[in-house]
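Nothing in this text is a laboratory measurement; each read-out follows from the coordinates by a stated rule. Since the structure is predicted, the reported quantities are computational estimates derived from the model, not experimental observations. Cβ sites come from the backbone with ideal geometry, for glycine too, and all protein chains shown count toward neighbours.
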Ligand code: URA
């Protein structure tokens, strides 16, 4: 077999056989197929797609390229969650302890920020002392004790995805349904949970910009999960506007704790409750409505917050910062951006706001950049809000004084103040289950 012939086939829109997919991924992981040939293949897939059988086969081969984790040492049903990536998306920090407080088991391996989108592992590392690297046994023990553990992905979880993702990131081939679906689901299958809840983001800050594409991606991933014997549900949630008010690592930890203490932003609380309810539904705790009430109760009675603190302590973190936010390191430089006219916020481009947070230091400009945990933004006005000239729209936080000017310019370009109040967009657009799409 020759990679050249496989690229030619895909270039002409032909279907790759199981053996060809296996050859391509094995060869790439073992360094026998070079990056330039794999880049040509990912671009051919970007243009010509793959059929459902090819996507499922690609996912299986990618999952099996590394460790397939056996979670049977953890008692009870395990449920995983994955977001396709967003700005201000801190829902894992909220839903994982809610689900654990209600009796579900969450053994979660999370990723770092990518491009303009944040990553759960970076956020957790903003908590002083929190260890995102645990031995397999420590990971299992933490879930058995606390109901939840969130750690970074181990080096050998779907190594084919690790290599392919890095390549896609620099060859403009991230936003392809077959490539996103196989990337996400290979990691989820390898990570070993019984059930999977997918949060598929849609809108300007998401990889899928339209609702139709987001539903198609969700259906593809649900079919792969169910085909592999894992109960899988997807929610399509809004990412036109950042979720909540805070963007940046310690800022997002604080906002998540506000939700767990019962006084978080409305949009973030609502999306988190719907995600948590669906995770509880997947582990068999009741109907989605009953599960939602359970999730609300876990916030109201403080058990979800206490569960999060317990996990933080078990992983070496200082949970006192979660009760007294002034103990988080503070950014030395701050700036406020004010409205230059009266009106309504009619545009808020989540991707551009995510990029603004990267310039401030909250994300990585290159693979090796260090994150500044205290950097980021707090929005004071969101999409649809009325503003008066001089109102503060956002506060920027950074350790790099020079970044403030660029960040201000970028933020002003990311939003638009108009004359008429726009209609609010839904927070959750649809729910996808096996062979079923419910649009809201
Ligand atoms: N998240 C992933 O893990 N993979 C993708 O391809 C896109 C988002």
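Mind giving me the FRET efficiency for residue 68 and residue 413? R0 is 56 Å, r the Cβ-Cβ distance, nearest 0.05 is fine.
Values: r = 45 Å, r/R0 = 0.81.
The formula returns an efficiency of 0.80 here.
For the chain, set up a GNM with springs between Cα atoms under 10 Å and report which of 200, 106, 321 has the largest fluctuation.
In the Gaussian network model the winner is 321.
Please give the calculated 222 nm ellipticity per residue for the chain, where each DSSP H segment of at least 4 residues contributes -39500 (n - 2.57) and the sum is spread over every residue; nearest 500 deg cm²/dmol?
On the way: 17 runs with 199 residues, N = 440.
The helix-only estimate for the chain comes to -14000 deg cm²/dmol at 222 nm.
Could you please state, rounded to a whole Å, how far the C-alpha centre of the range 195-223 is from the C-alpha centre of the range 374-420?
Between the Cα centres of the range 195-223 and the range 374-420 lies a distance of 28 Å.
Highest first, please rank the peptides 285-297, 176-188 by the mean number of other Cβ atoms sitting within 10 Å of their residues.
Highest mean packing first, the order is 176-188, 285-297.
Within the range 394-427, what residues put their amide N at less than 17 Å from the label point 7 Å along the Cα-to-Cβ vector of residue 388?
Counting only backbone N, you get 394.
The range 245-281 to the range 52-119: how many Å between their Cα centroids?
After rounding, the separation between the Cα centres reads 17 Å.
Tell me the relative contact order for the chain as a rounded percent, counting alpha carbon contacts under 8 Å between residues six or more apart.
About 19 percent, as a whole number.
Just to check, using Stokes-Einstein with a Kirkwood Rh over alpha carbon pairs, what's the diffusion coefficient of the range 3-49 at 4 °C and 1.567 mPa s in µm²/s?
It diffuses with D of about 124 µm²/s by this estimate.
For 379, 404, which order do you get if you count the other beta carbons within 10 Å of each Cβ and list the fewest first?
Taking fewest neighbouring Cβ atoms as first place, the list is 404, 379.
Which length gain, in nm to one decimal place, applies between residue 290 and residue 327 when the Cα-Cα distance is subtracted from 0.36 nm times their residue separation?
9.6 nm
How far apart, in nm, are the 7 Å Cα→Cβ label points at residue 401 and residue 12?
6.4 nm
Compute the distance in nm between two label points, each set 7 Å from the Cα along the Cα-to-Cβ direction, one at residue 370 and one at residue 135.
The modelled label-to-label distance comes out at 3.0 nm.
Between residue 172 and residue 346, what is the label-point separation in nm under the 7 Å Cα-to-beta-carbon projection?
Each label point lies 7 Å from its Cα, and together they span 3.0 nm.
When only Cα pairs under 8 Å and 6 or more residues apart are kept, what is the percent relative contact order across the range 3-49?
Result for the range 3-49 is 53 percent.
Residues in the range 312-334, backbone N under 14 Å from the label point at residue 261 (7 Å along the Cα-to-beta-carbon vector): list them, ranges by number please.
Under cut-off, by backbone N: 319-328.
Kirkwood Rh, Cα Rg: Rg to Rh for the chain?
That ratio is 0.96, to two decimals.
State the extension gain, in nm to one decimal, for the chain segment bounded by residue 210 and residue 313, taking 0.36 nm per residue of separation less the distance between their alpha-carbons.
33.0 nm
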